[in-house]
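Step one of this worksheet: look at the structure below.
The values are calculated or read from the model by the stated rules, or taken from the named source; none is laboratory data. Values in this document were obtained by computation on a predicted structure and should not be read as measured data. Glycine also receives a Cβ, built like all others from the backbone with ideal geometry; neighbour counts cover every protein chain displayed. SASA here: full protein model, heavy atoms, side chains in, ligands and nucleic acids out. Shrake-Rupley method; radii C 1.70, N 1.55, O 1.52, S 1.80 Å.
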Amino acid sequence: MAKVDGAIALVEDHDLIEGVTGVGVYALMRPLPSKRQAVIRALAEAAAGDPPFHVPPHRVPPAWSLPAGYADCGLAHGAAGPLALLALLSEECADVPARTLVRIADWLVDTAHTDEYGLAWPAGIAGRDRLPSPRRASWCYGVPGTARALWLAGRALNEPAYQSIAREAMTALLDHPEAWGIGTSPNLCHGLGGLLLVTAAFAADDTRFATAADDLLGRILDAFDPDLPLGFDTDGEGLLTGAVGVALTLLAATGDSPDPAARPFLVA
């Protein structure tokens, strides 16, 4: 492990999957104080931008034709990921600036909008324009991941307003399965697995979510097919969209607590 610890270094982008936030997840799981501080400094600097965590031009798909200054809202690639990570780091060390957490959380609150199903977040913001995105009840984008990041920020800051917004958004979402937009796939990234992972984390903090978590668990278990090589109809054996991710989700949802199985995904 020492060799891996030594090889971990910051990269250009801020996101969870390929960037600084992903490096921070490793530092969160390992006793690496100096690298934790480097991650905190890098994310605090990116959060201070206008908009916070703007996406580098090379990461904006050309087909989107967006102006400079695009900022992503999601947990996997956007501002919700750094917010969740910094909130968790702040509970283990005192060097995360509270103003950074407040800046990111307030920006996400400001980007939310209300439709017939309750609060929701766009995929991202470019100037005054919201990037069109179908409503998704997924871990990577949409209400679950972003709401959970706000909940964690509220816990870290002892600010109930953020947790109230997160609870409101998740409650409305879970009341309207017709608006989930994720089909029946049990995968973790953008399927029922991710929704279960987040809902189970909420249920560990608030028993009002327990019934919804049990329902989602039942949906996934009902999808198990012993005749399939991996038991579930997934995209191979991988973590984000494959059977390994489903197994990890089930482990997190059926254990005494979603943490630590859910911690790498910044929901617990």
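Suppose R0 equals 41 Å; then what is the FRET efficiency for Ala48 and Asp235 from their Cβ-Cβ distance, rounded to the nearest 0.05? So the FRET efficiency works out to roughly 0.65. A simple spin-label model places the labels of Glu168 and Asp259 2.6 nm from each other, with each point 7 Å out along Cα-to-Cβ. If a spin label sat at a point 7 angstrom from the Cα of Ile17 along the line to its beta carbon, the backbone N atoms of the range 85-115 nearer than 19 Å would be those of 85.
Between the range 160-180 and the range 237-268, the C-alpha centres lie 21 angstrom from each other.
Spacing of the modelled spin labels on Asp227 and Lys3, each 7 Å from Cα toward Cβ, amounts to 4.6 nm. Along its three principal directions, the equivalent ellipsoid of the range 1-131 from the Cα gyration tensor extends over semi-axes of 27, 17, 12 Å, largest first. Heavy-atom accessible area for Glu178, with the other protein chains in place and a 1.4 Å probe, reaches approximately 120 Å². Stretched out straight at 0.36 nm per residue, the stretch from His58 to Asp214 would grow longer than its current Cα-Cα span by 52.0 nm. Charge tally for Gly74 (other residues, Cβ to Cβ under 11 Å; Lys, Arg +1; Asp, Glu -1): -1.
With all protein chains in place and ligands, DNA and RNA left out, the 1.4 Å accessible area ranks Ser34, Ser138, Ser257 as Ser34, Ser257, Ser138, largest first. Placing Leu251, Leu85 in order of accessible area, with the largest value first and a 1.4 Å probe, yields Leu251, Leu85. Here, P(r) means the percent of Cα pairs in each 5 Å bin from 0 to the largest distance; for the chain it is 1, 6, 14, 18, 19, 17, 13, 8, 3, 1, 0.
Among the helices of the chain, none built from whole DSSP H runs has Cα atoms reaching 27 Å or more along its own axis together with a mean Kyte-Doolittle hydropathy of at least 1.0. The calculated 222 nm mean residue ellipticity attributable to helices in the chain amounts to -14500 deg cm²/dmol, summing -39500 (n - 2.57) over DSSP H runs of n ≥ 4 and dividing by all residues.
Subtracting the Cα-Cα distance of Thr184 and Val244 from 0.36 nm times their residue separation leaves 19.9 nm of extension gain.
Each other residue within a Cβ distance under 15 Å of Leu251 adds +1 if Lys or Arg and -1 if Asp or Glu, for a net charge of -1.
With N counted as the residues of the range 145-268, its alpha-carbon radius of gyration over 2.2 N^0.38 Å works out to 1.04. Placing a pseudo-label 7 Å from each Cα along the Cα-to-Cβ vector at Met29 and Glu159 gives an inter-label distance of 2.9 nm. Accessible surface for Met29 stands near 90 Å², nearest 10, in the context of the full protein assembly shown (1.4 Å probe). For the range 76-161, dividing the convex hull volume of the Cα atoms by the residue count gives 95 Å³ per residue.
Over the chain, Cα pairs under 8 Å with separation of 6+ residues give a relative contact order of 14 percent.
Counting only the backbone N, which residues of the range 91-129 are under 19 Å from the spot 7 Å out from the Cα of Arg41 toward its beta-carbon? Under cut-off, by backbone N: 93-101. In this structure the chain gives 45 Å² per residue of accessible area when probed at 1.4 Å with all protein chains present. At a 1.4 Å probe, what is the % contribution of carbon and sulfur to the accessible area of the chain? The nonpolar share, carbon plus sulfur, comes to 55 percent. Computed about its Cα centre, the charge dipole of the chain is approximately 720 debye, with only Lys, Arg, Asp and Glu carrying charge at their Cβ. The largest accessible area among Thr211, Thr100 belongs to the first residue in Thr211, Thr100, and the rest follow in falling order (1.4 Å probe, all chains).
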